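Working notes, structure below.
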Amino acid sequence: MLNPRELKSHKSVATLSHFGTLTSHQKNQIHLYVETLLQWNKRMNLTAVREVNEVMERHVEDSLAILPPLSDCYRSHCATSCDKLSLVDVGTGAGLPGVVLAIARPEWDITLMESMNKRCVFLEHVVGVVGSSNIQIVRGRAENLGQNPCFREQFDVAVARAVAEMRILAEYCLPLVRVGGLFIAAKGHDPEDEIKKAESAIQKVGASLLQVCSVDSQSPYGQRTVAICSKDRPTPLKYPRDPGTPAKEPL
Ligand SMILES: C[S@@+](CC[C@H](N)C(=O)[O-])C[C@H]1O[C@@H](n2cnc3c(N)ncnc32)[C@H](O)[C@@H]1O
């Protein structure tokens, strides 16, 4: 079993700037999460990353790096504090960034949305191991859940990381966000072309692009950026379209 001392002895932990801001209880929860992820990864495909340090840098830091721009933008754009908010992580996979955000912000209500059953089984297990009571897991496709009144326009914030290109993400995520809320897409370096192509899709689902910001230029795995959209008006009922729509083109 990994313990915090073992992790601290790795050189690269010194560069884990966001992780360093967590309490020791939260760090322990992250260690349990990473350990369980790597154990389960031996028998199911959850991540291509195999080493603890790489999981910490690529996945944990990448997830935590979303928090400063999210909090800043929420405070300024939504004119309210982000002490309490509801957040949905669309296409969470192994729980990224959702589980990490739930650990870092135990006062937020986090919904993990994932279409693959076996990944949801892992999520149920790891949430129990970590002991986070602020997480709910919803199995299904965002396109279907976005038409369900239990989820449609119910969240203050939607996030997505490594799920699809921005045009597609706009249709998956923005119908879930309440008017006045935010959608945050975690992207790699140079997302400008992808974001430009998505402008019309973002507008069609009732939103606008607020900002694209670089969040961590120090990462050894390349620059991280987040694109932030604000939900300005209700999404027209025809969106999101059914995933079975024949020959569906991105918006
Ligand atoms: C490449 S993985 C990325 C997972 C995670 N967000 C991460 O950053 O590691 C994409 C995940 O999104 C899920 N997914 C793709 N399309 C989806 C949809 N329309 N609704 C819900 N989940 C979806 C897939 O099943 C997969 O687990």
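The values are calculated or read from the model by the stated rules, or taken from the named source; none is laboratory data. Source: prediction; values computed, not measured. Because the Cβ atoms are built from the backbone with ideal geometry, glycine has one as well, and the counts that use them run over all protein chains shown. When the accessible area is computed, the model is the full protein with side chains, heavy atoms only, and any ligands, DNA or RNA have been set aside. Shrake-Rupley method; radii C 1.70, N 1.55, O 1.52, S 1.80 Å.
Numbers at a glance
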{"item": "Summed residue charge, Cβ within 13 Å of Ile195's Cβ, Lys/Arg positive, Asp/Glu negative", "result": "-2"}
{"item": "Cα-based helix-to-principal-axis angle, 117-130 vs the chain, degrees rounded to 10", "result": "50 degrees"}
{"item": "Antiparallel DSSP beta bridges within the chain, as percent of all bridges there, nearest 5", "result": "40 percent"}
{"item": "Highest-MSF residue in the chain out of Gln154, Gln39, Gln26 [GNM, Cα springs under 10 Å]", "result": "Gln39"}
{"item": "Label-point separation, Lys42 to Ser76 (7 Å along Cα→Cβ), nm", "result": "4.7 nm"}
{"item": "Cα-based convex hull, the chain, per residue volume (Å³, whole number)", "result": "120 Å³"}
{"item": "Residue-normalised accessible area of the chain, given per residue in Å² at a 1.4 Å probe", "result": "45 Å²"}
{"item": "Residue with peak Gaussian network fluctuation, the chain [Cα springs, cutoff 10 Å], from Val34, Val60, Val129", "result": "Val129"}
{"item": "Dipole magnitude (debye, nearest 20) for the stretch 42-166, charges at Cβ of Lys, Arg, Asp, Glu", "result": "460 debye"}
{"item": "Nearest 10 degrees, 0 to 90: helix 67-77 Cα axis against the chain principal axis", "result": "40 degrees"}
{"item": "Accessible area, probe 1.4 Å, largest first, for residues His25, His18, His31", "result": "His25, His18, His31"}
{"item": "Relative contact order, percent, the stretch 66-231 [alpha-carbon distance under 8 Å, six or more residues apart]", "result": "19 percent"}
{"item": "With DNA, RNA and ligands ignored, accessible area of Thr92 (1.4 Å probe; Å², nearest 10)", "result": "0 Å²"}
{"item": "Antiparallel bridge percentage (DSSP; both residues within the stretch 106-251; nearest 5)", "result": "55 percent"}
{"item": "Part-to-part distance (alpha-carbon centres) for the stretch 18-68 and the stretch 227-245, which is given in Å", "result": "31 Å"}
{"item": "Ranked order, Cys78, Cys150, Cys229 - accessible area, probe 1.4 Å, largest first", "result": "Cys150, Cys78, Cys229"}
{"item": "Dipole of the chain, positive direction: furthest Cα of Val130, Tyr74, His31, with charges on the beta-carbon", "result": "Val130"}
{"item": "Contour minus Cα-Cα distance for Gln154 and Ser214 (0.36 nm per residue)", "result": "18.8 nm"}
{"item": "By accessible area with a 1.4 Å probe, ligands and nucleic acids excluded, highest first: order of Leu169, Leu210", "result": "Leu210, Leu169"}
{"item": "Of all accessible heavy-atom area on the chain, the percent that carbon and sulfur account for (1.4 Å)", "result": "49 percent"}
{"item": "Sequence-distant lysines (8 or more away, or on other chains) whose Cα lies within less than 17 Å of Lys231", "result": "Lys204"}
{"item": "Cβ-based net charge around Asn148, under 13 Å, with every Lys or Arg adding one and every Asp or Glu removing one", "result": "0"}
{"item": "Within-11-Å neighbourhood charge of Trp40 [Cβ basis; K, R +1; D, E -1]", "result": "+3"}
{"item": "Under the Debye formula (equal points on every Cα, no solvent term), log10 I(q)/I(0) of the stretch 166-205 at q = 0.25 Å⁻¹", "result": "-0.86"}
{"item": "Cα gyration tensor shape of the stretch 70-150, rounded if a/c is under 1.5, else prolate or oblate by comparing a/b with b/c", "result": "oblate"}
{"item": "Most mobile of Asp109, Asp193, Asp89 in a GNM of the chain (Cα contacts under 10 Å)", "result": "Asp193"}
{"item": "Folded to 0 to 90 degrees: helix 24-41 orientation relative to the chain principal axis, Cα", "result": "80 degrees"}
{"item": "Dipole magnitude of the chain about its Cα centre (Cβ charges: Lys, Arg +1; Asp, Glu -1), debye to nearest 20", "result": "380 debye"}
